[in-house]
1. Going residue by residue through the stretch 80-88, is there one that turns out to be of a type in the set (Gly, Ala, Ser), under 23 Å from Phe231 (Cβ atoms) and surrounded by fewer than 24 Cβ atoms within 10 Å (Cβ to Cβ)?
2. Which pairs have Cβ atoms under 7 Å, sit 6 or more apart or on different chains, and link a residue in the stretch 186-200 that is closer than 13 Å to Thr164 by Cα to one that is at pLDDT below 95?
3. If you take the residues of the stretch 138-173 that are in contact (Cβ under 8 Å) with a residue 60 or more places away in the chain and over 15 Å from the mean Cα position of the chain (by Cα), which of them is surrounded by the most Cβ atoms within 10 Å (Cβ to Cβ)?
4. At pLDDT 95 or above, surrounded by fewer than 19 Cβ atoms within 10 Å (Cβ to Cβ) and more than 23 Å from Ser124 (Cβ to Cβ): is that true of Ala281 in this structure?
5. Specify the residue that is nearest to the chain's Cα centre (by Cα); the eligible residues are those in the stretch 69-100 that are in a loop (DSSP other than H, G, I, E, B) and modelled with pLDDT under 90.
6. What is the one condition in (1) farther than 28 Å from Arg260 by Cβ; (2) among the acidic types (Asp, Glu); (3) part of a strand (DSSP E or B) that Asp220 does not satisfy?
7. Tally the residues that are of a type in the set (Phe, Trp, Tyr) and either part of a helix (DSSP H, G or I) or in contact with a Gly (Cβ under 6 Å, 6 or more places away or on another chain) (or both), restricting the search to the stretch 167-199.
8. Whether any residue in the stretch 113-128 is assigned to a loop (DSSP other than H, G, I, E, B), crowded, with 19+ Cβ neighbours inside 10 Å and hydroxyl-bearing (Ser, Thr, Tyr) is what I want to check.
Amino acid sequence: MSAPTAQAAAPRELVLSPAEFQKIARILNEVSGITLPESKESLVYARLAKRVRQLRMPSFKTYCDFIASPEGADERGELLSALTTNVTRFFREPHHFSDFASAVVGPLKTRSSARLRVWSAACSTGEEPYSIAMTVLDAIPRAADMDIRILATDIDPRVVARATAGNYGDSIIEPVSPAQRAKYLVQDGNHWTVAPHLRRLIRFAELNLTNRFPMAGKFDAIFCRNVAIYFDKATQEALWVRLVNQLAPGGRLYIGHSERISGPALDHLDLTGVTTYCLRAATPQNGRN
């Protein structure tokens, strides 16, 4: 099925029927694991009506038929970008960075060599992994010359590209202290760019958390915050198990302020602070990586 050709005029009104909403919700769930409750119908309309008009399609039904077709694969990516929420900021939930600095990075400060692996599992536009990197470099200025790596992933290729670029406006970098700005950012008028020595610690990649994880190694800390709230209970519990299986013994797992870990993963974690968990010696093996 090819994208419909341009009409003489874009439709003035679009109606999203319950059946069309359910079809969009099903497709979004298939590509991302995200569950859309019926209460999100107005949000879906608000975010997709403009897209339907841009494509000059006559109805949501036409749009639904297109995204469900083999030819609609690229548009399913546009759907994902439109319906996922990318709310983030530098040093969001500061208690996580305080714990990370003291419990994970702190013990490495006096070592001549060290290995550290950190995963920002839903990096959005990059503020989280760059905050992690700043925390590491504040404690270990020579970190770029050590075996220290930060993996930053997100399901949305658009935000991964923005994160990789590392360009931010004045209002975005407000939580970054003046001292950190001087060390880690380059200013050009009202815009700031991440400095190369900070960027070198981070590798950005696209990753769907409901797919198989390609990483073979274990992580000393995983930040997976404000993602599981968009999944149903079964998907959440499966994700927690898979994340626990990616942690090194004693590794930290940081989750969102409104999230709680449940299911088999909880048997292998100790709550050590607000939405902060530490892996015990044994790990569950009943989740698929």
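1. Narrowing the stretch 80-88 to residues of a type in the set (Gly, Ala, Ser): 81-82.
Now narrow it down to the ones that are under 23 Å from Phe231 (Cβ atoms): 81-82.
When the remaining residues are screened for being surrounded by fewer than 24 Cβ atoms within 10 Å (Cβ to Cβ), the result is 81-82.
Yes: the stretch 80-88 contains one or more residues that are of a type in the set (Gly, Ala, Ser), under 23 Å from Phe231 (Cβ atoms) and surrounded by fewer than 24 Cβ atoms within 10 Å (Cβ to Cβ).
2. Arg200/Ala144
3. Among those residues, the one meeting the criterion is Ile173.
4. Values: at pLDDT 95 or above: no; surrounded by fewer than 19 Cβ atoms within 10 Å (Cβ to Cβ): yes; more than 23 Å from Ser124 (Cβ to Cβ): yes.
So Ala281 does not fit the description; no.
5. Residues of the stretch 69-100 that are in a loop (DSSP other than H, G, I, E, B), as a first pass: 69, 84-93.
Checking the rest, the ones that are also modelled with pLDDT under 90 come to 84-87.
Numbers: Thr84: 10, Thr85: 10, Asn86: 8, Val87: 10 Å.
It comes out as Asn86.
6. Evaluating Asp220 over (1) farther than 28 Å from Arg260 by Cβ; (2) among the acidic types (Asp, Glu); (3) part of a strand (DSSP E or B) leaves (1) as the failure.
7. Here is the first cut: in the stretch 167-199, the ones of a type in the set (Phe, Trp, Tyr) are 168, 184, 192.
If we keep only those that are either part of a helix (DSSP H, G or I) or in contact with a Gly (Cβ under 6 Å, 6 or more places away or on another chain) (or both) as well, we get 184.
The number of residues fulfilling the criteria is 1.
8. Initial filter on the stretch 113-128 (assigned to a loop (DSSP other than H, G, I, E, B)): 113-114, 121-126.
Still in the list and also crowded, with 19+ Cβ neighbours inside 10 Å: 121-126.
Restricting the remaining residues to those that are hydroxyl-bearing (Ser, Thr, Tyr) gives 124-125.
Within the stretch 113-128, one or more residues are assigned to a loop (DSSP other than H, G, I, E, B), crowded, with 19+ Cβ neighbours inside 10 Å and hydroxyl-bearing (Ser, Thr, Tyr).
The values are calculated or read from the model by the stated rules, or taken from the named source; none is laboratory data. Everything numeric here is computed off the predicted structure, so don't read it as measured data. As a convention, Cβ positions derive from the backbone with ideal geometry for all residues, glycine included, and neighbour counts pool all protein chains shown.
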